[in-house]
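Trainee: Quick one: this structure, given as structure tokens, is what I'll be asking you about.
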Amino acid sequence: MSAETKSPLRIPPMIQKTEKQPASAERREVLETNPWHMAMQQLDRAGTKMNMEPLVLERLRHCKRILTVSVPVRMDDGTLRVFEGYRIQHNLDRGPAKGGIRFHPQVSLDEVKALAFWMTMKCSVVNLPYGGAKGGIICDPKKMSIGELERMTRRYTSEISILIGPDKDIPAPDVNTNEQIMGWIMDTYSMTIGYSCPGVVTGKPIDVGGSLGRREATGRGVFYVTRELACARGFDLRKAPVAIQGFGNVGSNAAKVFAEHGCKVVGISDVGGGLYDPKGLDIDEIMLYRAKNDTIADYPKAEHVAADKFVELPCEILVPAAMENTITAENAPRVKAKYIVEGANGPTTNEADRVLNQRGVVVVPDILANAGGVTVSYFEWVQDIQSFFWSEKEINARLQDIIVKAFREVEEVAQREKVDLRLAAFMVGLTRLAKAVRIRGTFP
Ligand code: NAD
């Protein structure tokens, strides 16, 4: 151990301030749903359990680079609007930064910081040679034309081009961003440097260096994790009704893969509302319906459920695959699922996590459950760099290997240390990360 690691820094834990000055109920509620606060509490919890030296924890309490950009866009009506965007690299100790880009009206600096931190942890849990990053623009893409979206994406790419690059920081899709948007990022970056650079971004269309299986990867990973969970905890997956919140990239593909494997998907939802059928929903038909309609909420052949009541549906497995904070201390006591597999990032507040743990509900945390996306993004990046592309069968088999291995490692720690899966996943991720932080030391 180096002299530095022996001399502990005097760093107050994140929560000390709140303990000294009892927070008002309102402030507590704001803190409960603040993603960065949530993330730092999770880090503190794992750090305390592992007796981790302050040097490592203090490094992870700070994002390495935070870039705020203004993104001027000529709108279709001739006016100019300036959007605010971010690109944040949380940690680079294990490799280049990796993380998605989100377009949403509720994007905030604290949200992007937390999402970047969770990417650092996620890449470490599944042992990919990456650090964590995230980006976002505060905008409502649903109210923008294709032309406006393209101009905004290209200008944002140009603004963050001082940070991104195939060896530095590789963006990917997240909420409200898709293959076409990744294609524009790849093209804009390539135009800037003067040659085609597919490895700068993942989740691209296949025709410009995208990977087979990337579109379905996060949902497929959610399924692989759930199948391992069923095996480890001894329940029959085919007899366990599944409800999936969110019908975007993660939710719809998870629903498809669960259904393909003979599981009964009894509930699905999007921002407009939810659908429920205890006999099982026809996912293929609902996907066709969604292709022609803005929301699945009006699909006629199922019971309709309010979006905010969805997590309370009768089911055995609940997959939140929409946004943060959909399972809170308020609704957690009414959750009926025995297992929650977090397709989304940060869907369960820490307060809700405590309630669920007390009730014996098993939660597979985001940093493990939705790691299938970044895993196949890693495959895409490797294929781009080698200019040699793999078959879909090969990709899915490699994805399965990585996810199964990571689940078993986390489950083993959970059983050995008698802790929940979130803490176990943090312990696995933090162990690897701490090694890299220690080996690299502090420059200069
Ligand atoms: P997306 O934009 O494709 O889909 C989001 C879905 O959530 C939409 O169906 C939307 O209608 C729904 N939604 C939004 N608010 C909702 C609400 N309050 N209640 C119910 N549904 C709501 O986004 P995505 O890429 O599927 O991402 C979903 C989540 O998964 C995010 O937390 C994201 O960070 C995480 N994630 C995504 C990937 C990926 O590869 N895309 C990988 C890992 C994690």
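What follows is calculated from the coordinates using simple rules that are stated; it is not laboratory data. Note that this is a predicted model, so its numbers are computed, not measured. Positions of Cβ are generated from backbone atoms using ideal geometry, with glycine treated the same way; all protein chains shown enter the neighbour counts.
Trainee: Once you place label points 7 Å from the Cα toward the Cβ at Asp236 and Glu392, how far apart are they in nm?
Mentor: So the two model labels end up 3.1 nm from each other.
Trainee: Let me ask something else. Of Ile244, Thr349, Val257, which is farthest along the charge dipole of the chain in the positive direction, counting Lys and Arg as +1 and Asp and Glu as -1 at C-beta?
Mentor: Projecting each Cα onto the dipole axis, the largest value belongs to Thr349.
Trainee: Under a cut-off of 22 Å between alpha-carbon atoms, report the lysines in cross-link reach of Lys204, not counting same-chain residues fewer than 8 places apart.
Mentor: Result set, ordered by chain and number: Lys98, Lys122, Lys134, Lys142, Lys168, Lys256, Lys393.
Trainee: Say we join alpha carbon atoms closer than 10 Å with springs in a Gaussian network model of the chain; which of Pro54, Pro300, Pro198 then has the biggest fluctuation?
Mentor: Pro300
Trainee: Which residues does a label at Asp308 reach in segment 106-140, if reach means a backbone N under 15 Å from a point 7 Å past the Cα toward the Cβ?
Mentor: No residue passes the distance filter.
Trainee: Given the options Ser108, Val200, Thr177, identify the residue whose Cα lies farthest towards the positive end of the charge dipole of segment 56-207 (+1 on Cβ of Lys, Arg; -1 on Cβ of Asp, Glu).
Mentor: With unit charges placed on the Cβ atoms, the residue in question is Ser108.
Trainee: Could you tell me the center-to-center distance, by alpha carbons, between segment 163-218 and segment 258-305 in angstrom?
Mentor: Result: 30 Å between the Cα centres.
Trainee: Kindly put Thr79, Thr188 in sequence by how many other C-beta atoms sit within 10 Å of each C-beta, fewest to most.
Mentor: Thr79, Thr188
Trainee: What is the gain in length, in nm to one decimal, between Gln106 and Asp277 on full extension, counting 0.36 nm per residue of separation less the C-alpha to C-alpha distance?
Mentor: Working it through step by step, the gained length comes to 58.4 nm.
Trainee: Shifting gears a bit: Could you check the simple spin-label distance between Lys143 and Arg27, using points 7 Å along Cα→Cβ, in nm with one decimal?
Mentor: 3.3
Trainee: With charges only on Cβ, +1 for K and R and -1 for D and E, what is the dipole size of segment 217-369 about its Cα centre, in debye, rounded to 20?
Mentor: Here the size comes out at about 500 debye.
Trainee: Something else now. Taking the Cβ-Cβ separation of Asp298 and Phe443 as r and a Förster radius of 51 Å, what is the calculated FRET efficiency to the nearest 0.05?
Mentor: Plugging the Cβ-Cβ distance into 1/(1 + (r/R0)^6) gives 0.35.
Trainee: Among residues other than Glu29 whose Cβ falls under 10 Å from its Cβ, what is the net charge (Lys/Arg +1, Asp/Glu -1)?
Mentor: Neighbour charge sum, excluding Glu29 itself: -2.
Trainee: Hey, can you rank 385-392, 255-262, 350-357 by average C-beta count inside 10 Å, highest first?
Mentor: 350-357, 255-262, 385-392
Trainee: Further, regarding this structure: Need one word for segment 290-440: rounded, prolate or oblate. Basis is the Cα gyration tensor (sqrt eigenvalues a ≥ b ≥ c); a/c below 1.5 gives rounded, then a/b vs b/c decides.
Mentor: It comes out oblate by the Cα gyration axes.
Trainee: Next question, about the same structure. Among Ala302, Ala97, Ala133, which one shows the highest mean-square fluctuation when the chain is modelled as a Gaussian network with alpha-carbon springs under 10 Å?
Mentor: Among Ala302, Ala97, Ala133, the largest GNM mean-square fluctuation belongs to Ala302.
Trainee: Here is a follow-up. How high is the FRET efficiency from Asp77 to Lys168, r the C-beta distance, R0 35 Å, rounded to 0.05?
Mentor: With a Förster radius of 35 Å, E is 0.40.
Trainee: Something else now. Only four residue types carry charge here, +1 at the Cβ of Lys and Arg and -1 at the Cβ of Asp and Glu. Report the dipole size of the chain about the Cα centre in Debye, rounded to the nearest 20.
Mentor: 1220
Trainee: Please report the spacing between the Cα centers of segment 230-257 and segment 374-420 in Å, no decimals.
Mentor: 18
Trainee: Quick one: work out the % antiparallel among DSSP beta bridges in the chain, nearest 5.
Mentor: Counting only bridges with both partners in the chain, antiparallel ones make up about 50 percent.
Trainee: With a 10 Å radius around each residue's Cβ, average the other Cβ atoms per peptide and rank 205-212, 339-346, 289-296, highest first.
Mentor: Peptide ranking by packing, descending: 339-346, 205-212, 289-296.
Trainee: Among DSSP beta bridges lying fully in segment 56-207, give the percent that are antiparallel, nearest 5.
Mentor: Percent antiparallel among DSSP bridges in segment 56-207 is about 60.
Trainee: I've got another one for you. Using a 10 Å cut-off around each Cβ, can you sort Ile101, Ile185 from fewest to most neighbouring Cβ atoms?
Mentor: In order of increasing Cβ crowding within 10 Å: Ile185, Ile101.
Trainee: Measuring from a point 7 Å past the Cα of Ser158 along Cα-to-C-beta, which residues in segment 195-216 have an amide N at less than 19 Å?
Mentor: Counting backbone N atoms under 19 Å from the label point, the list is 195-197.
Trainee: If you don't mind, there's one more thing I want to ask. Out of Thr153, Ala329, Phe117, whose Cα points farthest toward the positive end of the dipole of the chain (charges: +1 Lys, Arg; -1 Asp, Glu; placed on Cβ)?
Mentor: Phe117
Trainee: Is the shape of the chain best called rounded, prolate or oblate, per the rule: a/c under 1.5 gives rounded, else a/b larger than b/c gives prolate, else oblate, with a ≥ b ≥ c the square roots of the Cα gyration tensor eigenvalues?
Mentor: It is rounded, given that a/c, with a ≥ b ≥ c, falls under 1.5.
Trainee: Provide the gained length on full extension for the span Glu412 to His62, in nm with one decimal, where the gain is 0.36 nm per separating residue minus the Cα-Cα distance.
Mentor: Taking 0.36 nm per residue and subtracting the Cα distance, the gain is 123.0 nm.
Trainee: Please compute the net charge surrounding Leu288, taking Lys and Arg as +1 and Asp and Glu as -1 over other residues with Cβ under 13 Å from its Cβ.
Mentor: Around Leu288, the surrounding residues sum to +1.
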